[in-house]
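Here, each number is a calculation from the coordinates, and none is a lab measurement. Quick caveat: nothing in here was measured; it's all calculated off a predicted structure. Reconstructed Cβ throughout: ideal geometry from the backbone, glycine too, with neighbour counts over all protein chains shown.
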Amino acid sequence: MFSASLWRLKSYLRPYAPRLVLIWLATIAGIAAGIAIPLVGREIIDGPIAHRDAGALLPLGLLALGLGVTEAFLTFVRRWSQTGPVLGLETAIRDDLYRHLQRLPMSFHNEWQSGQLLSRATTDLSAIRRFFGFGLLFLVMNILQLITVTVVLLQMYWPLGLLVAASSVPIVLVSLRFERRYIRISRLVQDQQGDLATLVEESALGIRTIRAFGRRRHVYDSYDGSATKVYDTSMDKVRLSSRFFTFLEVIPNVTLALVLLLGALAVGGGSLTLGTLVAFTTLMLSLVWPIASLGYILAMGQEAMTAADRVMEALDTEPGITGGAGGIDVPRGHLRFEGAGFRFPGAERPVLHDVWLDVRPGETVAVVGATGSGKTTLTALVPRLLDVTSGRVTIDGHDVRDLPLTELRSVVATAFEEPTLFSMSVRENLMLGRGDASEEEMEAAIEVAQAGFVHDLPWGLDTRIGEQGLSLSGGQRQRLALARAVLSKPRILVLDDTLSALDVETEALVEEALRQVLAEATGVVVAHRASTVLLADKVALLRDGTITHVGRHQDLLAEVPEYRELLAQDADLDQEGVLR
Ligand SMILES: Nc1ncnc2c1ncn2[C@@H]1O[C@H](COP(=O)(O)OP(=O)(O)OP(=O)(O)O)[C@@H](O)[C@H]1O
Ligand SMILES: [Mg+2]
C-alpha cells in the first residue's frame, strides 16, 4: 500500500528523527501497559478475590492503577510529540511545492489549471498530513497490538484464541476489497474538487466579463453541475465506507457472543479459570478498535498515497528552463536573434522561424506585425519566458541559455501588454522591478511612465491596489507596469504594446520621457501605432512567422505595402508619419 511517492516523502521527516524514536518508544510501551492491565486483572480475580484474601488485593490493585496511569501518560507523550513533526512535514512540503511552482516553465502553468494546483497545495497536503500524523502510527500500532494480543489470547486458551484469530480473516479479506474501491473513488473526489476550485477561481477572476454578458445563470449552472458531481461521488464514498464499517462492527460482536458462550462452558468444565475468561474478553474487546479502524486507516493511507502521487507529479515536473553558468562582466545589451525559431509543444507549425535581428546597445527597434503574428512570443524569447526551439538569442555574444537566470532577468526587463499587478501596495508592486530602489529612483520611474496619478490615490504609494489591480484603469495599470520595468534600470528594455491603453496625449508624454530611458538602453518595442514606432531607430516587420523587413519607418512606409496597411488605421499617419 506504500507507493513510491509516499515513501519518498519520508525524507521530510528526517530532521525529526529523535522525536520519532520517542514517539515509537511511547507507543510500544503504551501497548505493553495496555495488555498488562487485564493480565493483572486475571491475577486479582483468580488470586485475592477467589481466595477472599484482602491483604494481597492492595499491591495488585496498586500495580493495575500504576499501569493505567503509565498508559495514559505514554498516550500523552505520543500525542504531544506527534504535532511538531507532522505540522513541520506539511509546511516543508508546501514550501517546496510553492518554490518549485515558481521555477516551472510557463508551459507548465499554461497546461495545469490553477485550481488543480490549489487543491494539491491544500486538500492533498492535508491528506498526507493526516496519514503521517495519525494514520501511519495507528496502522503500525494496531498491527502490533493485533499480533501481540492474538498471541496472548492463544496462550491463554487456544481454542477460543483460534476462534478470535479466525474471525479476523473475513475482516482482512473484505478490507482489501474495500481498499481497492476506495482508492478509485478517492482519486475521483480529489480530481473533481480540483475542477471545482478551478471553476470558482476563474469565475471570481472573470466576474466582470460574466456580468457584462449576463451569464450569471450559465456560470452558476456549470458550478452547480460540478458541485453536484463532487457531492455524488462523495456520497458514493460514504456509502461504501458505511457498508464496510457495519460489517466491521458485526463480526467482533458475533465473536464476542461466541467467546462468552464457549468460555462459560469451559469455566464450568474447569478447563478455564474465571479470571482468565474475564482477561480474555477484556483483551479481545481491546481488539475491536484496532480491527475496526484498520480498514479506515488503510483507506486513509490510500488517500495519502494518491495525494502524494499528485503532489509528486507536480514536484517531479522538471523546470524546463534553468540558467547556465556563464556570465557577462559588464553587460552592454547587444541583442541578437540568430536564426531564432519557436514552436509551441504539440503545435504543427512554428510561430516563429529564421528570425534574424540585430539591436545594438542603445538602439531601439520597433516590432510591427499583425495581431497573432508572434510579437509577444518574440519578446518572450529574450528573458527566456520561452526558449527558442531553433537558432539562438544572444546578449553581447552570449547565448541567453548560458546565462544564470537571475543575471539574465536583471539585464532584461519587460512590461507586458496585460500587466499583472499584485494585491499589495503601489510601492510593493513597483519594487518587484527592483527591491532596493530608492525613493528618488521610484519617483523618476513614475515620472517616466507618467504615473503621477498614484500620488492622488487615498494613501499615495502605500495604497493597496486590488486583486489584479482591478480597481485601476487599464491605462493606469499599463503605466505602473512601465514604471516597474523602467525602475529596474535594465540594459535591455522590452515593451510589449505597453502604451496601447493610453490616450494620445498621455502617450505622447510617456514617449517623450521614454526617449531618454531608451537612449541609454537597448529597446525592443512592440507597436501598433505610428506614434509608438517613432520612438524607435528602426522597425522590424514580422510577417508569416519571420522578420521580412528591417529599416527606417519612412523607408518601410514608402517601400513595403504590407507595412503601410498595418499602420493605415492610424489617423495621424498621413499628416505626420510620412512627413517626419
Ligand atoms: N500555447 C500555445 N500553443 C499554440 N499556439 C499558441 C499558444 N499560445 C499562443 N499561440 C499562438 O501563437 C501565435 C502568436 O501569438 P502572440 O501572442 O505572440 O501574438 P502577438 O503578435 O503578440 O499578437 P497581439 O498583437 O494580439 O498581441 C498566435 O497565433 C497564438 O494563437
Ligand atoms: Mg502580443
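Between ALA72 and LEU274, what is the label-to-label distance in nm when each label sits 7 Å out along the Cα-to-Cβ direction?
Distance between label points: 2.8 nm.
Based on alpha-carbon positions alone, could you give the equivalent ellipsoid semi-axes of the stretch 335-577 from the gyration tensor, as √(5λ), descending, whole Å?
Computed over the stretch 335-577, the values are 29, 22, 16 Å.
Give the shape of the stretch 1-46 as rounded, prolate or oblate, defined through the alpha-carbon gyration tensor: a ≥ b ≥ c are the square roots of its eigenvalues, a/c under 1.5 means rounded, and otherwise the shape is prolate if a/b is larger than b/c and oblate if not.
It is oblate, given that a/c is not under 1.5 and a/b is not larger than b/c.
Given a cut-off of under 8 Å on Cα pairs at least six residues apart, what relative contact order in percent is computed for the stretch 335-577?
27
Tell me what the chain gives for mean residue ellipticity at 222 nm when only DSSP H runs of n ≥ 4 count, each as -39,500 (n - 2.57), the sum divided by the residue total, rounded to 500 deg cm²/dmol.
Working: 21 runs with 348 residues, N = 580.
Theoretical 222 nm ellipticity from helices: -20000 deg cm²/dmol.
Can you list the HN-Hα couplings for the stretch 505-518, worked out from phi with the Karplus curve (6.51, -1.76, 1.60; θ = phi - 60°), rounded to whole Hz and with x for Gly and Pro?
Values, residue by residue: 5, 4, 4, 4, 5, 4, 5, 3, 6, 5, 3, 5, 4, 5 Hz.
Would you compute the Debye intensity of the chain from its alpha-carbon atoms alone, equal scatterers and no solvent, and pass along log10 I(q)/I(0) at q = 0.08, 0.09, 0.11, 0.12 Å⁻¹ to two decimals?
-0.74, -0.85, -1.08, -1.21
Please return the longest range in the chain lying between exposed loop sites, taking chymotrypsin sites (Phe, Trp or Tyr not before Pro), DSSP loop only, at most 11 other beta-carbon atoms within 10 Å, and leaving the sites out.
Numbers: sites that count: PHE213, TRP459.
Here the longest run is 214-458.
Calculate how steeply helix 136-156 sits against the longest principal axis of the alpha-carbon atoms of the chain, using the helix alpha-carbon long axis, and give the answer as 0 to 90 degrees to the nearest 10.
10
Which order results if ARG392, ARG310, ARG552 are arranged by neighbouring Cβ count within 10 Å, fewest first?
By the 10 Å Cβ count, ascending: ARG552, ARG392, ARG310.
Determine the distance separating the Cα centre of the stretch 537-565 from the Cα centre of the stretch 335-355; give it in Å without decimals.
19
Rounded to the nearest 5, what % of DSSP beta bridges with both residues in the stretch 335-577 are antiparallel?
For the stretch 335-577, the DSSP antiparallel bridge percentage is about 50.
Which shape class applies to the stretch 15-104: rounded if a/c is under 1.5, otherwise prolate when a/b exceeds b/c and oblate if not, where a ≥ b ≥ c are the square roots of the Cα gyration tensor eigenvalues?
It is prolate, given that a/c is not under 1.5 and a/b is the larger ratio.
Against the longest principal axis of the chain, how steep is helix 288-316, in degrees 0 to 90 to the nearest 10, with axes from Cα atoms?
20
For the residues LEU97, LEU556, what sequence is obtained by ranking on other C-beta atoms within 10 Å, fewest first? Don't skip to the end; give the middle numbers.
Details: LEU97 19, LEU556 22.
Least crowded to most crowded, the residues run LEU97, LEU556.
Treat the count of other C-beta atoms within 10 Å as a stand-in for reagent exposure and order MET141, MET235 from fewest to most.
Ascending number of Cβ neighbours within 10 Å: MET235, MET141.
Just how far, in whole angstrom, is the stretch 250-324 from the stretch 1-73 if you go by their alpha carbon centroids?
Cα centres, the stretch 1-73 to the stretch 250-324: 17 Å.
Remind me, relative contact order of the chain in percent, using alpha carbon pairs under 8 angstrom and six or more residues apart? Show your work: numbers first, answer last.
Values: 812 pairs, mean separation 83.6, N = 580.
14 percent.
Only bridges with both residues in the stretch 391-529 count here: give the DSSP antiparallel percent, nearest 5.
Percent antiparallel among DSSP bridges in the stretch 391-529 is about 25.
Between the helical axis of 54-103 and the dominant principal axis of the chain, each derived from Cα atoms, what acute angle in degrees is found, rounded to the nearest 10?
In the chain, helix 54-103 runs at an angle near 20 degrees to the longest axis.
Restricting the count to DSSP beta bridges whose residues both fall in the chain, what percent are antiparallel, rounded to a multiple of 5?
Rounded to the nearest five, the antiparallel share is 50 percent.
At a Förster radius of 51 Å, what calculated FRET efficiency corresponds to the Cβ-Cβ distance of LEU261 and THR209, to the nearest 0.05?
0.10
If one computes the Cα centroid of the stretch 105-128 and of the stretch 398-441, what distance in Å separates the two points?
25
Classify the stretch 472-518 as rounded, prolate or oblate, taking a ≥ b ≥ c as the square roots of the eigenvalues of its Cα gyration tensor: rounded when a/c is under 1.5, otherwise prolate if a/b is larger than b/c and oblate if not.
oblate
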